[in-house]
Amino acid sequence: MTGSATPTVDGLRVWVLDFPTDAPEADGTATWTSTTMILVQAGSGATRGYGWTYGAAACADVITDLLAEHAIGRSAFDVPAANEAMHRALRNAGRPGVGGYALSAVDTALWDLKARLLDLPLADLLGRAQDSVPVYGSGGFTTYDKGQLDTQLRGWLEQQAIPRVKIKIGEAWGTREGRDLARIRQARHVIGPDAELYVDANGAYSAKQAIRLARRFEEYGVRWFEEPVSSDDLAGLARVRDAVTAEVAAGEYGFTLPYFAAMAPTVDCLQADATRCGGLTVWLRAAALAQAHGLEMSGHCAPHVHAHAAASVPNLRHLEWFHDHVRIEDLLFDGTLDPTGGELHPGRNGAPGLGLTPRQDVLERHTRTTGTASADSP
């Protein structure tokens, strides 16, 4: 940053990017063969900041048509003010869903821009509560055969020394219990007795079914049971949490603080996703809300969005090193983080902001559409 004038946001650029998966992927309640990223570039003079979400291409139109005017022309340092203005602009269009995803991508880009203008890693701008950020390997899709699951688990444990791993269960809306249990047994055999084993049903089970199955997989030392029932079923979450030994976690579909406030009493660990809940601004508030309830916070997916903010959270449990998003972020950006040893060290190299720079050739190759908005736009 040069000169004494406060820099302003003078433009936003948006890309819709499509990335085929490296193999068919599925969890308990969804299947997919490609992932869409909405990438936002926020500009102030010659400085650029980047943020993104994983969601529908319609997010791009929400950004250019509804949100851009509430960020452009504003001080680049006043990110919470921009966030609030964009939040209010979504009143009639809908804050949950696509609106929340779009807001999140712009908010993250604005934080990255502010830190770059100040020539600081974002973790240093926010202030660190810890120097390292624990991660867990996440994938284990229900579409994987035995060999694919073995290879992925060994990659995390043996090649990257990540001591925590998670697999998907609840296959076919909870109708293949035998295979769920067989895959849990296989995972424990592969990772050995000491690594932490997590499972994620993506809301595929009923409460009684989840309790019954959790008692059966106690012998495999499952420590974390994510979304055993739909995250909309708060009573069911509480029933499962009170009945099982594994820690129950949920929150990845939260868009507003009242949602997290309602969920906090029903789980053992609160999750939030900064690419959905309103960006890093709201994610940090959700972490404080979790702390007020005596809970730790876990960041859901998109690890390079979360890493710097996570370092500022005293009640952080970990971040999800999610296979699909890690693959995309490693492909698209220079400057991605190394999870070896099970921890990230955001900002250690001193690079400003999130420390990431898009690779132009990858950006061009995977772009479906683009959009722009600037201070000069009609």
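The values are calculated or read from the model by the stated rules, or taken from the named source; none is laboratory data. In this text, all values refer to a predicted model and were calculated from it rather than measured experimentally. For neighbour counting, all protein chains shown are included, and Cβ atoms are generated from backbone atoms with ideal geometry for every residue, glycine included. Side chains included, ligands, DNA and RNA excluded: accessible areas come from the protein's heavy atoms. Shrake-Rupley method; radii C 1.70, N 1.55, O 1.52, S 1.80 Å.
A compact table of results
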item: Some residue of segment 169-178 being surrounded by 15 or more Cβ atoms within 10 Å (Cβ to Cβ) and touching a strand residue (DSSP E or B) at 6+ places or on another chain (Cβ under 7 Å); result: yes
item: Unmet requirement for Q160, which otherwise passes all of (1) open to solvent by 20 Å² or more (accessible area, probe 1.4 Å); (2) touching a residue at least 12 places away in the same chain (Cβ under 8 Å); (3) more than 22 Å from H300 (Cα to Cα); result: (3)
item: All positions within segment 307-346 that are assigned to a loop (DSSP other than H, G, I, E, B) and crowded, with 24+ Cβ neighbours inside 10 Å; result: A311, V313, L337, P346
item: H70 vs. criteria buried (at least 18 other Cβ atoms within 10 Å of the Cβ) and free of Cβ contacts under 8 Å to residues at least 40 places away in the same chain; result: yes
item: Cβ pairs under 6 Å, 6+ apart, first in segment 44-59 and free of Cβ contacts under 8 Å to residues at least 60 places away in the same chain, second open to solvent by 50 Å² or more (accessible area, probe 1.4 Å); result: A56/V98; A58/V98; C59/V98
item: Close pairs (6 angstrom Cβ cut-off, 6 or more residues apart or separate chains): hydrophobic (A, V, I, L, M, F, W, C) and open to solvent by 10 Å² or more (accessible area, probe 1.4 Å) in segment 217-233, in a loop (DSSP other than H, G, I, E, B) and modelled with pLDDT under 95 anywhere; result: none
item: Members of segment 266-293 found to be surrounded by 24 or more Cβ atoms within 10 Å (Cβ to Cβ), in a loop (DSSP other than H, G, I, E, B) and not polar (S, T, N, Q), listed by number; result: V267, D273, A274, R276, C277, G278
item: Test result for F260, in a loop (DSSP other than H, G, I, E, B), modelled with pLDDT of 95 or more and not basic (K, R); result: no
item: Members of segment 271-292 found to be more than 23 Å from M37 (Cα to Cα) and among the polar types (S, T, N, Q), listed by number; result: Q291
item: Residues within segment 347-378 that are of a type in the set (D, E) and either open to solvent by less than 60 Å² (accessible area, probe 1.4 Å) or in a loop (DSSP other than H, G, I, E, B) (or both), tallied; result: 1
item: Residue check for D131: in contact (Cβ under 8 Å) with a residue 40 or more places away in the chain, part of a loop (DSSP other than H, G, I, E, B), on the phi < 0 side of the Ramachandran plot and acidic (D, E); result: yes
item: Residue satisfying all of: in segment 89-114; touching a residue at least 12 places away in the same chain (Cβ under 8 Å) and over 20 Å from the mean Cα position of the chain (by Cα); surrounded by the most Cβ atoms within 10 Å (Cβ to Cβ) among these; result: K114
item: Residue under evaluation M86, criteria (1) in contact with a His (Cβ under 8 Å, 6 or more places away or on another chain); (2) surrounded by fewer than 20 Cβ atoms within 10 Å (Cβ to Cβ), criterion not met; result: (2)
item: Candidates V190, V106, V199, filtered to the one that is closer than 24 Å to G299 by Cβ, of a type in the set (A, V, I, L, M) and assigned to a helix (DSSP H, G or I); result: V106
